[in-house]
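Participant: Submitted below is the structure of interest, expressed as structure tokens.
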Amino acid sequence: MNQDKIITVFGSGSHLKENAGDYRRAAKLGRVLAENGYVLCNGGHGGVMEASARGAKEAGGVTIGIVNVPYGDKTNVWIDQIKVESTWRDRMFCLIETGDAFVICDGGTGTLAELSVVWEMTNKGMMRKPVIIYGKILTKFVRKLKKERYFSFQHHLKFASTAEEVIEILRDSFEEDCEG
């Protein structure tokens with residue numbers, strides 16, 4: 001089905017409680033991605049990364065965690081495959097190169113940096129991979145930026161409010177790529 005498609009999930013590394021809304025939302029995303037045959041890739045640590053990997057593993061999916069030195073031994077228990085990069089920059093670009101698409105959950109400045117890089121690479125035609133904004137805060141932020149003349153929006157930047165919408169966007173995007 002989609003076993004060859006790897007979805008990189010970006011989001012907060014801050015520790016979230018299991019009953020927190022953002023944790024449950026990320027876990028559901030991971031579960032739905034796995035149920036639809038996608039491999040989940042993320043930064044391998046806590047917060048959204050842990051929750052999405054947990055959801056994927058509990059649904060029988062495969063997970064990849066890309067970390068950087070000195071954090072190589074501090075991945076969450078839900079990661080199957082660990083890849084260690086030497087720097088934060090190398091880690092970010094490995095996450096980008098590994099993913100066939102990106103789902104951006106809410107997070108801090110690291111998540112914002114990751115979003116900015118994939119957005120710019122898409123706008124400049126350096127890659128043609130779907131970018132899905134799934135975070136509530138980031139959705140508001142990016143939609144506000146969309147009104148400014150300095151920000152370019154290509155057709156690969158999409159918004160989803162549910163995990164099921166993420167799957168629908170991925171399915172449509174990958175079908176477009178097969179047709180185009």
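Participant: Please go through the stretch 116-132 and give me each residue that is out of contact with any Gly (no Cβ under 8 Å at 6 or more places or on another chain) and either of a type in the set (Lys, Arg) or assigned to a loop (DSSP other than H, G, I, E, B) (or both), ordered by number. Working first, answer last.
Facilitator: Looking only at the stretch 116-132, we keep the residues that are out of contact with any Gly (no Cβ under 8 Å at 6 or more places or on another chain), and these are 116-128, 130-132.
Across the stretch 116-132, the qualifying residues are LYS124, GLY125, MET126, MET127, ARG128, PRO130.
Participant: Going through the stretch 25-40 one residue at a time, which ones are of a type in the set (D, E, K, R) and under 15 Å from GLY107 (Cα atoms)? Before you say what the answer is, go through the steps one by one.
Facilitator: Initial filter on the stretch 25-40 (of a type in the set (D, E, K, R)): 25, 28, 31, 35.
If the condition is that a residue be of a type in the set (D, E, K, R) and under 15 Å from GLY107 (Cα atoms), then ARG25 is the only one that fits.
Participant: Just need a number here: residues in the stretch 81-109 that are under 14 Å from ILE66 (Cα atoms) and in contact (Cβ under 8 Å) with a residue 60 or more places away in the chain. Walk me through how you get there before you give the answer.
Facilitator: To start, the set of residues in the stretch 81-109 that are under 14 Å from ILE66 (Cα atoms) comprises 81-99.
Of the ones still in play, those that are also in contact (Cβ under 8 Å) with a residue 60 or more places away in the chain are 95-96, 98-99.
Total satisfying the criteria: 4.
Participant: Further, regarding this structure: List the number of the failed condition for ALA101; all other conditions in (1) buried (at least 22 other Cβ atoms within 10 Å of the Cβ); (2) at pLDDT below 95 hold.
Facilitator: (2)
Participant: State which residue is nearest to LEU112 (Cα to Cα) when the search covers only the stretch 122-176 and only residues that are of a type in the set (Phe, Trp, Tyr) and under 15 Å from the mean Cα position of the chain (by Cα).
Facilitator: Within the stretch 122-176, the match that is nearest to LEU112 (Cα to Cα) is TYR134.
Participant: Which one of these is in contact with a helix residue (DSSP H, G or I) (Cβ under 9 Å, 6 or more places away or on another chain), over 24 Å from MET127 (Cα atoms) and crowded, with 19+ Cβ neighbours inside 10 Å: VAL48, VAL39?
Facilitator: Working: VAL39 fails: over 24 Å from MET127 (Cα atoms).
Step by step, each of VAL48, VAL39 is checked, and only VAL48 is in contact with a helix residue (DSSP H, G or I) (Cβ under 9 Å, 6 or more places away or on another chain), over 24 Å from MET127 (Cα atoms) and crowded, with 19+ Cβ neighbours inside 10 Å.
Participant: If only one of LYS129, LYS146, LYS140 is surrounded by 15 or more Cβ atoms within 10 Å (Cβ to Cβ) and of a type outside the set (Val, Ile, Thr), which one is it?
Facilitator: LYS129
Participant: Taking the stretch 10-39 only, how many residues are over 13 Å from ILE167 (Cα atoms) and within 11 Å of the chain's Cα centre (by Cα)?
Facilitator: Our first condition is that a residue be over 13 Å from ILE167 (Cα atoms); within the stretch 10-39, this holds for 10-27.
With within 11 Å of the chain's Cα centre (by Cα) added as a condition, the list becomes 10-12, 26.
Of the residues in that region, 4 qualify.
Participant: Still on this structure, I have one more. Among (1) more than 22 Å from ARG25 (Cβ to Cβ); (2) more than 14 Å from the chain's Cα centre (by Cα); (3) of a type in the set (Asp, Glu), where does GLU97 come up short?
Facilitator: (2)
Participant: Residues that are at pLDDT 90 or above and over 19 Å from PHE102 (Cβ atoms): which strands (runs of 3 or more DSSP E) entirely in the stretch 1-79 hold 2 or more of them?
Facilitator: Numbers: elements: 6-10, 39-42, 63-68.
Where strands (runs of 3 or more DSSP E) fall fully within the stretch 1-79, none carries at least 2 residues being at pLDDT 90 or above and over 19 Å from PHE102 (Cβ atoms).
The values are calculated or read from the model by the stated rules, or taken from the named source; none is laboratory data. Just so it is clear, the model here is predicted, and its values are computed rather than measured. Methodologically, a virtual Cβ is constructed for each residue, glycine included, from the backbone with ideal geometry; neighbour enumeration extends over all protein chains shown.
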